[in-house]
Amino acid sequence: MFDLLEKVNSPLDLKKLSVEELSAYATQVRDFVMQKVTQNGGHLSSNLGVVELTIALHYVFSSPQDKIIFDVGHQSYTHKIITGRVDGFDKLRHDGGITGFPNEKESEHDHFTTGHSSTSLSLGVGMARARDILNQDYNVVSVIGDGAFTGGMAYEALNDIGANREKMIIVLNDNNMSISKNVGAFSQYLAKLRLSKKYTAIKYNVKKSVKALPFFGDRFVRVLDRIKDNFKFSLIPNKMFENFGVKYYGPFDGHDIPTLISVLKMVKNTTRPVLLHVVTKKGKGVETVEEAPGAYHGVSPAGDKKSTPYCSVVSEKLCEMGESDEKVVAVTAAMSDGTGLTEFSKKYPNRYFDVGIAEQHAVSMCAGLQKAGLKPYFAVYSSFLQRAYDQVLSDICIDNRGVTLLIDHAGVVGGDGVTHQGIYDISYLTAMPNMTVMQPKDGVELKNMMQFSLTCARPLAIRYPKSYETEYSEHKPVDLSWEWIRKTNSNVYILAVGSKMLDIALKNDEANVISARVIKPLDEELLKNISSGHLITMEEGVLRGGFGEMVNAFYEHSDSVKVHSLGFGDVFFDKLEENAIFACAGVTETALNELVEKCK
Ligand SMILES: Cc1ncc(C[n+]2csc(CCOP(=O)(O)OP(=O)(O)O)c2C)c(N)n1
C-alpha cells in the first residue's frame with residue numbers, strides 16, 4: 001500500500017520518480033499521514049494541505065544544501081516523510097518517535113527547532129545574508145501560511161528583505177485559514193488576488209510556456225513577465241509585495257504538481273527576493289477534514305484520557321460575565337477555539353476581537369480598550385504570550401491597567417514539544433510590578449477567579465494548564481488568600497500551585513497541604529504563622545524567578561524554616577510526553593515523597 005513511501009528515503013530518491021509517479025506518491029503520503037495522525041494525534045488539516053507543495057519543493061530544490069524553512073512547522077510531515085523519517089511516524093509526537101515540528105536535532109533537513117509563528121522570513125533572510133557574506137551558493141526557501149502572515153514579525157522581515165534584496169524565495173501557502181478562518185485586511189487582500197479571473201489564465205500560460213522552453217531561469221522569468229503584461233496582470237491588485245521590493249508571482253494552484261515544479265524551477269535561479277503565492281486547501285483529499293479544517297487542526301491521539309479542559313470553563317464563565325457586564329470584551333490571537341472564546345464570539349460579536357497571530361498587538365490593544373473604559377480579557381496560551389513580554393510590562397503594568405490575561409496551557413504541554421511548554425510565565429510575570437498572578441485548583445475555582453477579576457482594577461494574570469482531573473468540593477469566593485486543604489501534626493508544609501501539583505501533594509498523606517492559589521502577592525499572613533518546619537513549594541513552572549524562589553526569599557532571615565522547591569530546572573525540556581517531562585524535571589509523586597521523608 002505504501003510502496004512508493006518505502007522507495008523514498010531521501011530527497012534524492014524522490015527525484016528518481018517521474019512527474020507522473022509524484023501524484024501517486026502524494027496519495028500515499030496522504031493516506032499515511034491520516035493513518036499515523038489518527039493513531040498518535042497531531043496536526044492533520046494543515047499537513048494534508050501541503051502534500052503536493054512539499055513534494056514539488058523537494059523535487060526542485062536540493063535539501064539540505066538548499067534550505068527549506070517551514071513557518072510554525074506544524075505542516076512539516078510530508079517534509080519529514082521525504083527526508084527519511086517514515087519509521088518515526090509510528091510514534092509521532094511520542095518519546096521514541098519523531099517530533100511534530102521541525103527539529104534541528106532530529107535531521108540535517110531541519111534547520112531550526114520551531115513551533116511559534118511568523119519567524120520563517122527572518123530565519124530565512126538571516127541564512128541568505130550569511131550565505132552571501134561567506135560566498136556560498138544555495139537557495140533559501142521560506143514557506144509561510146496566510147495565518148502566519150498575520151504576525152507582525154513577517155512584516156518586519158519583509159520590510160528588511162525588500163530593502164536589501166538578497167536572493168531568497170518566499171512561498172506563501174494561502175488556504176484562507178489560520179486555525180479557524182483567517183482574519184484581517186491582509187487576508188481580504190489575498191482573497192482578492194485568489195478570486196481574480198486571471199488565476200486560471202496565468203496558470204495555463206505558465207504550463208504552456210514551460211513546455212515550450214528548453215531551460216529555466218532568469219530568461220524564463222522575463223518571458224513570464226511578458227505573459228503577465230500581455231494579460232494585463234497589473235489589473236490584479238498585486239502591488240503590495242512589489243512595493244515592498246519583493247517580486248510577486250501567482251496565484252498558483254498548490255495541488256497541481258507539474259505547475260508547482262515549473263514555477264519553482266522558474267524562480268530558482270533568480271537573483272532577488274521573490275514571493276510565490278500558492279493556493280491550497282486545508283484538509284485536501286479527505287472530505288470530512290476539508291469540510292471542517294479547524295476541527296482537525298490538532299487531533300488528539302486515539303484513546304486519549306479525558307480530563308476536563310479549562311477552556312470549556314472559560315467559555316461558560318466569560319459568556320456569563322458578558323451577559324451581566326456590557327463592558328466585558330474578549331480578545332484572541334487566532335486561537336478562539338483553543339482558548340474557549342468561540343461561544344463568546346457568537347453571542348457578543350461586537351465585543352469580541354480575533355486580531356490574528358499577533359499577541360503583541362493584542363496586549364497593547366487591550367491597554368487601549370481598558371483606557372477607554374472597557375474590561376478586556378485576553379485569552380492566550382502561555383508560550384505564545386512570551387511574544388508580548390514587553391507589551392505586558394510597558395502597556396499594562398506601568399499604568400496599572402485592569403486588563404486580565406487568561407493564560408491557557410500554562411505548565412507542561414504534551415505532544416507539541418519544547419517550543420510549547422508553558423513553564424516560563426510565573427517567572428516573567430511575577431517580575432513585573434503591579435501584576436497579580438493566580439492559578440486555580442479546579443474549574444469552579446477558575447470561575448471564582450474570573451468573578452474576582454471583575455472587581456480587580458489592576459493587571460491580573462490567571463494561569464491554568466490545558467485540563468484538570470479533580471473537581472474539589474470545597475469552594476469559597478476567591479480573594480488574595482491561600483487555602484488550607486489539609487492540616488496535620490507534621491512539621492512539613494506543602495505549598496502547591498494549581499490542580500496538578502495539588503493532586504500530587506494530596507497523595508502524600510503525612511504533610512500539611514496548602515493551595516497557593518495566588519502566586520503573587522504571597523499570602524504573607526499565612527506564611528508568618530508558619531514559624532518553624534519545612535516548606536515544600538510545588539509549581540508547574542521554572543524554578544528560576546518562580547514561586548519557590550519568592551517563598552524562599554520571604555524566609556531569608558529565618559533559621560527555623562527551611563524551604564525546598566520542586567519545579568523545572570535550568571534546561572530545556574524536549575521530551576514529548578507529559579509524564580516524561582515531569583519525570584525529567586523531578587516533579588513527581590516519588591520525588592515529593594522522598595523529600596517529605598528527608599524533612600521529617
Ligand atoms: C506565536 C504563535 N501564536 C499562535 C500559534 C498557534 N498556531 C499554530 S498554527 C496556527 C495557524 C497558522 O495558520 P497558517 O500559517 O495559515 O498555516 P495553516 O495551518 O493554515 O497551514 C496558529 C495560530 C503559534 N504557533 N505561534
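The values are calculated or read from the model by the stated rules, or taken from the named source; none is laboratory data. In this text, all values refer to a predicted model and were calculated from it rather than measured experimentally. No Cβ is skipped: glycine too gets one built from the backbone with ideal geometry, and neighbour counts run over all protein chains shown. These area figures cover heavy atoms from the full protein model, side chains too; ligands, DNA and RNA do not enter into them. Shrake-Rupley method; radii C 1.70, N 1.55, O 1.52, S 1.80 Å.
Annotations for the structure displayed:
- Residue match in region 230-238 (condition: crowded, with 17+ Cβ neighbours inside 10 Å, β-branched (Val, Ile, Thr) and at pLDDT below 90): yes
- Filter pass, residue 122 being under 30 Å from residue 291 (Cβ atoms), open to solvent by 10 Å² or more (accessible area, probe 1.4 Å), within 16 Å of the ligand (Cβ to nearest atom) and not in a strand (DSSP E or B): no
- Near pairs, Cβ below 8 angstrom, 6+ apart or cross-chain, from region 294-323 (away from the ligand (no atom under 16 Å from the Cβ) and aromatic (Phe, Trp, Tyr)) to any residue that is part of a helix (DSSP H, G or I) and open to solvent by less than 20 Å² (accessible area, probe 1.4 Å): 310/443; 310/446
- Boolean, residue 346 is open to solvent by 30 Å² or more (accessible area, probe 1.4 Å) and at pLDDT below 95: no
- Extreme residue, nearest to the chain's Cα centre (by Cα), among residues of region 466-483 that are among the charged types (D, E, K, R) and open to solvent by 40 Å² or more (accessible area, probe 1.4 Å): 466
- Within region 64-108, considering residues that are among the hydroxyl-bearing types (Ser, Thr, Tyr) and open to solvent by 10 Å² or more (accessible area, probe 1.4 Å), the one farthest from the chain's Cα centre (by Cα): 83
One line per residue, one yes/no per condition, for (1) within 8 Å of the ligand (Cβ to nearest atom); (2) surrounded by fewer than 24 Cβ atoms within 10 Å (Cβ to Cβ); (3) not in a strand (DSSP E or B):
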| position | (1), (2), (3) |
| --- | --- |
| 135 | no, yes, yes |
| 144 | yes, no, no |
| 155 | no, yes, yes |
| 159 | no, yes, yes |
| 162 | no, yes, yes |
| 170 | no, no, no |
| 173 | yes, no, no |
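- Only one entry of 299, 267, 278 meets the criterion of being open to solvent by less than 30 Å² (accessible area, probe 1.4 Å) and either at pLDDT 95 or above or under 26 Å from residue 45 (Cβ atoms) (or both), and that entry is 278.
- Counting only strands (runs of 3 or more DSSP E) that sit completely within region 467-574, those holding 1 or more residues that are touching a helix residue (DSSP H, G or I) at 6+ places or on another chain (Cβ under 6 Å) correspond to 492-496, 512-515, 518-520, 533-542, 561-568.
- Leading residue by the ranking (farthest from residue 145 (Cα to Cα)) among those in region 25-75 that are more than 14 Å from the ligand (Cβ to nearest atom) and in a strand (DSSP E or B): 67
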